[in-house]
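Please read the structure below before turning to the comments.
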Amino acid sequence: MIIQSISLLDQLDKDINTFSMRIREWYSYHFPELIKIVPDNFLFARVVQFVKDRKDLSEDKLEALEEIVMDAGKCRAIYDASKSSMGMDISPIDLINIDSFATRVISLSNYRKKLHQYLNSKMNSVAPNLATLIGDQVGARLISHAGSLTNLAKFPASTVQILGAEKALFRALKTKSNTPKYGLIFHSTFIGRAATQNKGRISRYLANKCSIASRIDCFTEVLSPVFGEKLREQVEERLRFYESGDVPRKNLDVMKEAKEEVNAAVRRMRKEKRKKTREAEKSAKGNGNLEVADVEEEASPRKKKKKKGKKNSNNLDASLSNGT
């Protein structure tokens with residue numbers, strides 16, 4: 001599911017960007033000044049859906065427009081530009097098509113947000129440590145490129161480092177030039193924050209931590225993001241070490257801390273589970289006692305009726321014997 005979700009997410013990003021550029025080109029014939037005022041694609045589509053014909057934009061609509069743009073200055077700029085725009089007039093049919101197309105782009109953007117939330121929940125349930133360390137989308141791309149979380153866990157750190165840059169690697173080997181320093185992990189925030197001379201070192205260190213996180217997620221019995229948080233702290237400390245020279249903690253000490261926290265969390269979970277089972281057993285016993293009481297109440301009047309019947313039959317037999 002993670003592989004399909006991240007593939008669909010990437011495809012949606014491409015489609016939304018393409019459709020947004022089409023809306024900008026299409027609507028700019030009528031209102032060209034809006035492109036510079038609203039650079040965001042999603043906001044641009046919402047503004048187009050709201051404004052429609054720029055001549056119909058009045059001061060009564062500024063409050064609703066400000067709720068969309070979330071900026072009073074932009075709202076006023078849109079209103080002023082609509083009164084002095086150099087765009088051509090637009091026919092009602094063209095306006096209807098632009099409006100329907102903008103509605104479609106907005107719906108795709110909303111679906112993209114829901115899909116991202118779904119991917120986030122799946123990553124937290126399947127690979128929480130990898131997601132905590134490097135992010136949901138980058139971790140999902142690593143799993144998708146490897147084929148599965150098990151395959152990613154089997155890869156060495158050197159393979160994880162250049163995963164996604166295979167063409168550049170083979171080109172470098174063929175031409176005997178420098179091999180690439182990073183692949184998909186380049187999209188993480190750590191690579192962008194590192195200095196130019198330290199990008200290769202931090203990418204190698206980050207690939208090592210990603211390999212550890214993927215193996216923990218793949219082979220552990222209790223999934224917990226504690227190891228991912230500790231590994232992330234180690235990468236942060238390594239970045240500070242490259243910048244200021246602060247000596248980071250040893251990996252052994254950090255892993256001991258993470259293991260203690262995980263064991264404590266497991267003990268808490270077991271206590272809660274035992275407590276829940278006890279409560280369930282108590283409630284089940286209470287329901288059982290109530291059912292037994294109900295059954296006894298139902299059965300007791302039947303017994304009384306049987307006794308009454310026996311007494312009546314005995315009285316009849318006695319009367320018959322006396323009559324005889």
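The values are calculated or read from the model by the stated rules, or taken from the named source; none is laboratory data. The structure displayed is predicted, hence computed values, not measured ones. Using ideal geometry, Cβ is built from the backbone for each residue, glycine included, and neighbour counts are taken over all protein chains shown. Ligands, DNA and RNA are stripped out before the accessible areas are found, and what is left, the full protein with its side chains, is counted by its heavy atoms. Shrake-Rupley method; radii C 1.70, N 1.55, O 1.52, S 1.80 Å.
Worth pointing out:
- All conditions but one from (1) closer than 23 Å to Ala146 by Cα; (2) assigned to a loop (DSSP other than H, G, I, E, B) apply to Ile216; the one that does not is (2).
- Residue match in segment 34-48 (condition: among the charged types (D, E, K, R), within 17 Å of Ile98 (Cα to Cα) and open to solvent by less than 60 Å² (accessible area, probe 1.4 Å)): no
- Within segment 77-90, residues that are more than 14 Å from Lys52 (Cβ to Cβ) have Cβ atoms under 6 Å from residues that are open to solvent by 40 Å² or more (accessible area, probe 1.4 Å) in these pairs: Ala81/Glu33; Met88/Tyr29, counting only partners at least 6 apart in sequence or on another chain.
- Evaluated against (1) at pLDDT 90 or above; (2) under 21 Å from Asn151 (Cβ atoms), Glu236 falls short on exactly one condition, (2).
- Residue list for segment 27-49, restricted to those being acidic (Asp, Glu) and either over 25 Å from the mean Cα position of the chain (by Cα) or under 14 Å from Arg104 (Cβ atoms) (or both): Glu33
- Scan of segment 14-33 for residues that are over 21 Å from Asp89 (Cα atoms) and either aromatic (Phe, Trp, Tyr) or loosely packed, with under 13 Cβ neighbours inside 10 Å (or both), ordered by number: Lys14, Asn17, Thr18, Phe19
- Hey, Ser224 under 22 Å from the mean Cα position of the chain (by Cα), at pLDDT below 90 and either small (Gly, Ala, Ser) or part of a helix (DSSP H, G or I) (or both) or not: yes
- Listed by first and then second residue, the pairs with beta-carbon distance under 7 Å, at least 6 apart or on different chains, first residue in segment 263-287 and on the phi < 0 side of the Ramachandran plot, second not in a helix (DSSP H, G or I) and not charged (D, E, K, R), are Ala265/Ser224; Val266/Val222.
- From the options Lys304, Lys259, Lys271, residue that is closer than 17 Å to Ile216 by Cα, in a helix (DSSP H, G or I) and either at pLDDT 85 or above or more than 57 Å from the chain's Cα centre (by Cα) (or both): Lys259
- On the stretch given as segment 204-251, residues that are crowded, with 16+ Cβ neighbours inside 10 Å and either on the phi > 0 side of the Ramachandran plot or of a type in the set (Val, Ile, Thr) (or both) total 4.
- Sole residue being open to solvent by less than 10 Å² (accessible area, probe 1.4 Å), among the small types (Gly, Ala, Ser) and within 22 Å of Leu223 (Cα to Cα), chosen from Ala157, Ala127, Ala172: Ala127
- Of all residues in segment 175-203, those being free of Cβ contacts under 8 Å to residues at least 40 places away in the same chain, in a loop (DSSP other than H, G, I, E, B) and crowded, with 17+ Cβ neighbours inside 10 Å number 4.
- Considering (1) among the hydroxyl-bearing types (Ser, Thr, Tyr); (2) without any contact (Cβ under 8 Å) to a residue 24 or more places away in the chain; (3) surrounded by 13 or more Cβ atoms within 10 Å (Cβ to Cβ), the lone condition that Thr103 does not fulfil carries the number (2).
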